[in-house]
Amino acid sequence: MRTGKLFALASVEINIDDVLIEIHGIRATRTATGATRVELPTFRDAKGQSRAAITLPEEIYGPIGDAVLEVLLARGIAKRPIALPRLEQLSAPSA
């Protein structure tokens with residue numbers, strides 16, 4: 001999928017103590033420097049502001065970004081960064 005900076009949508013399945021959680025709509029975008037940014041899904045609230053569609057603890061959303069980036073790298077869609085993106089790439093964009 002290519003739409004402006006957005007170049008991929010991902011879904012992940014997380015198994016926490018045999019409770020499966022599926023997250024759809026994880027976005028991979030390109031920054032102005034060409035780096036890959038991975039973001040959790042968002043929605044627009046009644047005021048039109050972008051809000052996180054799901055709130056996860058840091059120890060969960062960091063590895064999600066790592067896993068999505070690794071798949072994109074394996075498929076040749078993303079470029080390998082100097083260091084894998086962590087928290088800042090996965091936080092919801094501010095309004």
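Data overview
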{"item": "Subset of region 4-30 [in a strand (DSSP E or B) and closer than 14 Å to ILE77 by Cβ]", "result": "LEU6, PHE7, ALA8, LEU9, ALA10, ILE26, ARG27, ALA28, THR29, ARG30"}
{"item": "Subset tally (residues that are under 13 Å from ALA67 (Cα atoms) and either crowded, with 16+ Cβ neighbours inside 10 Å or in contact with a Cys (Cβ under 7 Å, 6 or more places away or on another chain) (or both)) for region 1-11", "result": "1"}
{"item": "Residue that is surrounded by the fewest Cβ atoms within 10 Å (Cβ to Cβ), among those in region 49-76 that are outside any helix (DSSP H, G or I) and in contact (Cβ under 8 Å) with a residue 24 or more places away in the chain", "result": "GLN49"}
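Quick note: the coordinates plus some simple rules give every number you see, no bench work behind them. Bear in mind the structure is a predicted one, so any value in this text is a computation, not a measurement. FYI the Cβ positions are ideal-geometry reconstructions off the backbone, even for glycines, and counts take in every protein chain you see.
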